[in-house]
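Below: the structure, in structure tokens.
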Amino acid sequence: QVQLVESGGGLVQAGGSLRLSCAVSGLIFRLYDMGWYRQAPGKQRELVATITRGGSTNYADSVKGRFTISRDNDKNTVYLQMNRLKPEDTALYYCNGRIVLADYWGQGTQVTVSS
């Protein structure tokens with residue numbers, strides 16, 4: 001079955017960095033557009049960054065210049081490098097894989113940024 005498994009979350013001080021990974025199995029990874037989303041307590045899930053199967057990227061305004069999304073099609077993995085983290089980046093971060101008529105989500109990894 002399809003699995004998206006996130007890792008790399010944790011507790012970090014403001015200004016610090018984390019690298020999230022999402023290992024994908026059960027689908028043809030290179031055909032999927034991939035993305036990272038996040039949900040803070042009491043808020044709706046929001047887009048963080050996406051990367052198409054062709055490598056084009058898109059970022060939420062709040063993370064532009066601080067976060068970088070990338071993918072390794074040989075390892076079936078998508079990454080999110082997060083630098084200069086802020087307390088408002090605290091959330092549960094989800095990996096998403098999308099293609100026409102299919103949409104898959106991971107279970108999420110918690111990122112907590114202390115001030």
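The values are calculated or read from the model by the stated rules, or taken from the named source; none is laboratory data. These numbers come from a predicted model, not from an experiment. Note: ideal-geometry Cβ built from the backbone for every residue, glycine included; neighbour counts use all protein chains shown. What goes into the accessible areas is simple: the full protein's heavy atoms, side chains included, and nothing from ligands, DNA or RNA. Shrake-Rupley method; radii C 1.70, N 1.55, O 1.52, S 1.80 Å.
Is there a quick way to get the dipole size of the chain? I mean about its Cα centre, with the Cβ of Lys and Arg at +1 and of Asp and Glu at -1; what is the value in debye to the nearest 20?
140 debye
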Checklist outcome for this item: Residues whose modelled amide H sits under 5 Å from the amide H of G16, counting only those 5 or more places away in sequence or on another chain, are L85
Checklist outcome for this item: Taking a crude spin-label model, label points 7 Å out from Cα along the C-beta direction, the N73 to E46 distance in nm is 3.2 nm
Checklist entry - Using θ = phi - 60° and the Karplus curve 6.51 cos²θ - 1.76 cosθ + 1.60, what whole-Hz ³J(HN,Hα) does each residue of the stretch 30-46 get, with Gly and Pro shown as x? => result 5, 8, 9, 6, 10, x, 10, 10, 9, 9, 8, x, x, 10, 7, 5, 10
Checklist entry - Between N58 and A14, what FRET efficiency follows from the Cβ-Cβ distance if R0 is 25 Å, with the result rounded to 0.05? => result 0.50
Checklist outcome for this item: Residues whose modelled amide H sits under 5 Å from the amide H of R45, counting only those 5 or more places away in sequence or on another chain, are none
Checklist outcome for this item: Reported to the nearest 10 Å², K64 has, with a 1.4 Å probe, an accessible area equal to 110 Å²
Next on the checklist: Applying a 10 Å radius around every beta-carbon, put 30-36, 101-107, 19-25 in order of their mean neighbour count, most first.
Outcome noted: 30-36, 19-25, 101-107
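Over the chain, what is the relative contact order in percent, taking alpha-carbon pairs closer than 8 angstrom and at least six residues apart?
On the way: 279 pairs, mean separation 41.0, N = 115.
It comes to 36 percent, rounded to a whole number.
If you count the DSSP beta bridges with both ends in the chain, what percent of them are antiparallel, to the nearest 5?
Rounded to the nearest five, the antiparallel share is 90 percent.
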Checklist outcome for this item: The distance between the Cα centres of the stretch 36-115 and the stretch 1-18, in whole Å, is 10 Å
Checklist outcome for this item: Of the accessible area of the stretch 35-115, computed with a 1.4 Å probe and all protein chains kept, carbon and sulfur make up a percent value of 46 percent
